[in-house]
Amino acid sequence: MKRFWFACLPGWLPLFALFLFMLAGCAATTSAPPSALFADARFAPPSEPVGAGDLFTLSPAMRAYLDSPAFQERLRTKGSRHGLVDALYSKTDLRLEYDSTNTRNARQTYEARVGNCLSLVVMTAAFAKQLGMPVRFQSVSMDHLWSRSNGLYISSAHINISLSPTAGEVRRGVDPRQMLTVDFLAREDAARLRSRALEEDDVVALYLNNRAAEALLHDRVDDAYWWARAAVQVRPRLTPALNTLGVVYQRHGDLALAERAFMAAQAQEPENLAVLRNLEPLLMALGRPAEAQALAQRIAGIEPVPPYHWFDQGVAALKAGRNERAVALFEREVKRAPYNDEFRFWLGMAYLQSGQFDDAREHIALAVDNSTQRDMRELYAAKLARLRQAASNRAHIR
């Protein structure tokens, strides 16, 4: 199996700190929609159409691109699969950019020329299907990557896509098992990570769940409900979707419904930390402190140190002028999450405050490389440029 790697990381994202999943996945068995989990009457109608019926639909512009002489020449000279990948992700043609901020369908990704891992996988699949290439979606096992925004902790997992030869290529003697994997994870150990095949409905549910999480990030709780509801309808046992539905209810003040959704998620994955961490403060809010305390002890046995624990202490130390202490704390957080751009940036800033300019530039440069959001990359890059200019000025003075 051949692989193509691209320089980006996955996108991979209240009263309490609530934990969400994005791009996580499981191949669950389809069953009847759990209507007992839904409470439509409590929420306003969505502000936009909710669904994934057009997830893989090509726009007229996308069809025209496939029919263009330049694209057809690529297919003839490079073969269907390599020609498609080269056309989509080379720096000379579409010039697609990676950004984890928004999840888009195939048409929107093509029009914007930007997308997160799920969006890019969906767009690639849409083109491949049109060209008659069988596709396989895969969930890649890796340590969860956490980010934090608007009171939400977001756990991001990873997905990639493999392309099989077309029927015409198979008739010409190409081995049908010869797959080409397109991956947007630029990590040294990426080839060794385990993967699990996903069905197309899994991808659809992940898309809907991402849209729900993104609505929550913008405080659009009513919209988030309808997107999460749609995800659960597609995959009733998908833990991330059930968890997101619980977060929606918790933010909406429907605590009993939130507990019901979290318990449904826990039934699928009894030791899922995001679900357990959401359930603990909920039990306290429901007036059941003994259950909350027992759950807290259970969580501590699975993961003694929660996400952002050392990072928050490092920020406090840096603000207090304890620069060396801040460096030590940020280094601990970076050690367990080396691809988190926020941790790298703040470690660089702590080194800067300590007068260690070379270390500061190194870690801020890594923040630029690891960032999955365009605006944050620009912010880090601007800081890095100022540091390099300052270093150049010092060198000239000497």
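The values are calculated or read from the model by the stated rules, or taken from the named source; none is laboratory data. Just so we're clear, the structure is a prediction, and the values are computed from it rather than from any experiment. Positions of Cβ are backbone-derived with ideal geometry, glycine not excepted, and every protein chain shown enters the neighbour counts.
Brief remarks follow.
- Among residues of the stretch 35-57 that are under 21 Å from Ala126 (Cβ atoms), those with a beta-carbon under 9 Å from a residue that is in a loop (DSSP other than H, G, I, E, B) and of a type outside the set (Lys, Arg) at least six positions away or on a different chain give the pairs Ala52/Asn105; Asp54/Asn105; Leu55/Asn105; Phe56/Asn105; Thr57/Asn105.
- The one condition from (1) outside any helix (DSSP H, G or I); (2) within 21 Å of the chain's Cα centre (by Cα) that Leu366 does not meet is (1).
- Of the residues making up the stretch 58-85, those that are part of a loop (DSSP other than H, G, I, E, B) and either aromatic (Phe, Trp, Tyr) or modelled with pLDDT of 90 or more (or both) are Leu58, Ser59, Ser68.
- Evaluation of Ala317 against (1) buried (at least 19 other Cβ atoms within 10 Å of the Cβ); (2) within 30 Å of Asp99 (Cα to Cα) (one fails), failing number: (2)
- Any hit, the stretch 280-287, residues being over 24 Å from Ser149 (Cα atoms), modelled with pLDDT of 95 or more and surrounded by fewer than 20 Cβ atoms within 10 Å (Cβ to Cβ): yes
- Scanning the stretch 333-342 for residues that are assigned to a helix (DSSP H, G or I) and out of contact with any His (no Cβ under 9 Å at 6 or more places or on another chain) yields Lys335, Arg336, Asp341, Glu342.
- Test for Ala317: is it assigned by TED's automatic domain parsing to the domain that holds Gln353 and part of a helix (DSSP H, G or I): yes
- Test: Arg237 is assigned by TED's automatic domain parsing to the domain that holds Thr101, more than 30 Å from Asp369 (Cα to Cα) and not in a helix (DSSP H, G or I): yes
- Extreme residue, farthest from the chain's Cα centre (by Cα), among residues of the stretch 86-109 that are assigned to a helix (DSSP H, G or I) and under 20 Å from Glu200 (Cα atoms): Arg107
- Positions within the stretch 68-83 being more than 32 Å from the chain's Cα centre (by Cα) and among the charged types (D, E, K, R), in sequence order: Glu73, Arg76
- The sole residue among Asn243, Asn160, Asn209 that is surrounded by 21 or more Cβ atoms within 10 Å (Cβ to Cβ) and modelled with pLDDT under 90 is Asn160.
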